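Asker: After the structure tokens below, expect a handful of questions from me.
Every read-out reported here was derived from the displayed coordinates using simple, explicitly stated rules and does not represent laboratory data. All figures in this text were calculated on a predicted structure; none of them were measured in a lab. Note that we place each Cβ from the backbone using ideal geometry, even for glycine, and neighbour counts take in every protein chain shown.
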Amino acid sequence: MTEDQIVGLLTSNIIYLLAAVLIVIVIFKGVKIVPQSEKFVVERFGRLHSVLGPGINFIVPFLDVARHQISILERQLPNATQDAITKDNVLVQIDTSVFYRILEPEKTVYRIRDVDGAIATTVAGIVRAEIGKMDLDEVQSNRSQLIARIQESVETAVDDWGIEVTRAEILDVNLDQATRDAMLQQLNAERARRAQVTEAEGQKRAVELQADAELYAAEQSAKARRIQADAEAYATGVVAKAIQDNGMEAAQYQVALKQVEALNALGNGTGSQTIVVPANALEAFGDAFKMLKGGK
């Protein structure tokens, strides 16, 4: 082979090699593989051209440039603490945490420089505004409602940035030492008041129960006396009717019965004893025995 042929062969090989290199560069520049967790913002001549989603994407080499690679994973802002004053003029420190993700990277890239800083500042302002609308008791008891209002306000504020606030949390509500001491004194006073009220209510209940017991006892005593009176009235009525029906014999029979009962009572006494009765009393007892025997 002549020298010219050798030079021509080398030149053609170099051209082929350059063409192959150019093809590789074109393929490398024109094919973009986007991970599942990211989106690419493509610019053409310095202006926004398109947004590439996950998978294989094709762009025009040397004209289009994937300028920004944006992660669409959910992110958490560093925990932040800001001071706020409640509606009842109590200074509190609020610890907050915010989670967000980027939905439209073309807005995030071209409308805001420091996303985390912008969201943190927005959250701080909204927290102060919302805390200022509530008393301290409401802040501590309605934390879920406060979180929902903060999240809604933050979502509205960052909507133009292509960001979605997925969650907002209030981690803690801290008070200064003077406020804590005052609340502790108030709590102790409230506990003492409740103890006094409980003791007073117990004493009142005891008095009521005692009165109920005395009333019940009086009612039962009155009922017993009424029953006894009814029995005596019934017995008196029976005797009166017997006297009415049988005349003096029934009355004498009752007197004789009482005399015999008295004699039995004297005879049943304990110990040795002597009973002296007048003669007319013996006659009366004899008459009584006769009447009792005749009554039988």
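Asker: Would you mind calculating the gained length between Q196 and T121 on full extension (0.36 nm times residue separation, minus the Cα-Cα distance), in nm to one decimal?
Answerer: 22.1 nm
Asker: Any idea what log10 I(q)/I(0) is at q = 0.21, 0.26, 0.30 Å⁻¹ for segment 120-169, Debye with uniform C-alpha scatterers and no solvent?
Answerer: -0.70, -0.98, -1.19
Asker: If r is the Cβ-Cβ distance from D114 to N89 and R0 is 45 Å, what FRET efficiency results, to the nearest 0.05?
Answerer: Approximately 0.85, to the nearest 0.05.
Asker: Roughly what would the spin-label model give for A129 and A178, points 7 Å off Cα along C-beta, in nm?
Answerer: Here the answer is 2.9 nm between the modelled labels.
Asker: Here's something else I'd like to know. Averaging sequence separations of C-alpha pairs under 8 Å and six or more residues apart, then dividing by the length of segment 108-229, give the relative contact order as a whole percent.
Answerer: Relative contact order here is 20 percent.
Asker: I'd like the distance separating the alpha-carbon centroids of segment 39-71 and segment 95-126, in whole Å.
Answerer: 23
Asker: May I pose another question? What's the extension gain from E169 to S221 if we count 0.36 nm per residue and subtract their Cα-Cα distance?
Answerer: 11.6 nm
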